[in-house]
Amino acid sequence: MVDTPKDFQSVRELPATRVPFTVLAVERAMAELRRGRCVVVRGGGGHAVLAIAAEAMSEDALSLMTEASGQEPILGITARRASVLGLADTAGKIAMISGLDGLSAEEISAIANPLLEATLSDDYRSRLVVTVRNEPGHDCASAAVTLSKLARLLPAAVVVPIVDADDIHAWANRRDLLSVDTADVFQFERAAVRSLQRVGEARVPLEGADDTKIVAFRPADGGREHLAIVIGNPDDSEPVLVRLHSECFTGDLLGSLRCDCGDQLQGAMNEIKKSGSGVLLYLAQEGRGIGLINKLRAYQLQDAGFDTMDANEQLGFDADERVYMPAAKMLGLLGISQVRLMTNNPDKVAALERSGVNIVERVVHAFPSNEHNEFYLHTKASRSGHQFG
């Protein structure tokens, strides 16, 4: 079964006054994880954990976490990653893994990262205790795993419960640790979209399209920026020709033959030029939302025989982690409500429609394959329903 891209329709609305605090708190926590530091994740009922991204784990960090709480750290991974390891099915939200005699930093890294699996001993499974946590999974450990994923790290975190702390904020401050609330973590992506705003624009003449401007959008936290390339003067009273294009460093900039992204980008620009006007939204969602480094890891797995979707799931991600609410917000800020959408992906159509955008027509957007991307394109058609016609 293929997961559809997230649009957060089932997520409870945050009060507008809370949005700036949510995006700031989570961005700061993500930055700490990317630096290899621990953060405190606070939940309901006074529960809290000390967390660190699994890929930053070392024996020193493991010892520090044990000393801080007096308890053995536990590894949290997504149910998808647990499934490909044969440790659990995908019915739950995350899987919590501990060892009968503890887990070493090397084992934690190898369980979280499929590229390191070969370093695991043959009998490691017999020493593991695995607990699968089901939906909704809004506990501290689930938030720590989600936070690692949001930070574009592997979706896995090591956590240890904080006990005997009357004041979690004071406990964190004494140790110079940032703390973040679980509710903010799970609301972050939606909050970032709500705070998205136009922050700059300029005329950028292009070959064959002198009348072109680029409009930049940024959330209030100063996070990931998205761009709109507006060619000509689209009439917002009529359906506008639009392409949603997720950034692809390897395909767009280097001309990689492993994907069709470069062809899609240039093809969309050419189609908009021919029509006289339109908009290309350039979205900061590298690697179907997993980030460039994880995309390179997925490429290594593809070279080992996995298809593009299985490679993402081996890493613990969903097959597609992209979010299309930013695109809907950008179109709204541009005054566009009716769209002729250039895409082969029916999920994009459905996600935009759920966000209030009227898709008048799906415009076919397909290009010839080559020997390097033929299997990739076949996978998109057979497993995720892409329509190349």
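Numbers below:
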item: Between 0 and 90°, nearest 10: helix 374-384 axis offset from the chain longest Cα axis; result: 80
item: Label-point gap, in nm, between residue 353 and residue 72 - each point 7 angstrom along Cα→Cβ; result: 5.1
item: 106, 59, 371 arranged by Cβ crowding within 10 Å, fewest neighbours leading; result: 371, 59, 106
item: Cβ-Cβ FRET estimate between residue 59 and residue 138, R0 fixed at 51 Å, reported to 0.05; result: 0.95
item: Estimated FRET transfer efficiency (residue 127, residue 164; beta-carbon r; R0 25 Å; 0.05); result: 0.30
item: The range 16-191 - share of DSSP beta bridges that are antiparallel (%, nearest 5); result: 90
item: Length released on extending from residue 35 to residue 203, taking residue separation times 0.36 nm less the Cα-Cα span; result: 56.7 nm
item: Ellipticity estimate at 222 nm from DSSP helix runs (n ≥ 4, -39,500 (n - 2.57)) divided over the chain, nearest 500; result: -10500 deg cm²/dmol
item: Ranking of 245, 169 by count of other Cβ atoms within 10 Å, fewest first; result: 169, 245
item: FRET efficiency, residue 333 to residue 254 (Cβ-Cβ, R0 41 Å, nearest 0.05); result: 0.85
item: Crossing angle, helix 261-275 versus the chain [Cα axis fit, 0-90 degrees, rounded to tens]; result: 30
item: Percent of beta bridges antiparallel (DSSP, the chain, rounded to nearest 5); result: 70
item: Nearest-ten-degree value, helix 182-194 long axis tilted from longest Cα axis of the chain; result: 10
item: Label point distance in nm, residue 214-residue 292, each placed 7 Å from Cα along Cα→Cβ; result: 1.5
item: Inter-centroid distance (Cα atoms) of the range 158-203 relative to the range 231-267, Å; result: 33
item: Within the range 279-293, backbone nitrogen closer than 16 Å to the virtual label 7 Å beyond the Cα of residue 303 toward Cβ; result: 293
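None of the figures in this text is laboratory data; all of them are computed from the coordinates on show. Not measured: the values here are computed from a predicted model. Every residue, glycine among them, receives a Cβ derived from its backbone with ideal geometry; neighbour counts consider all protein chains shown.
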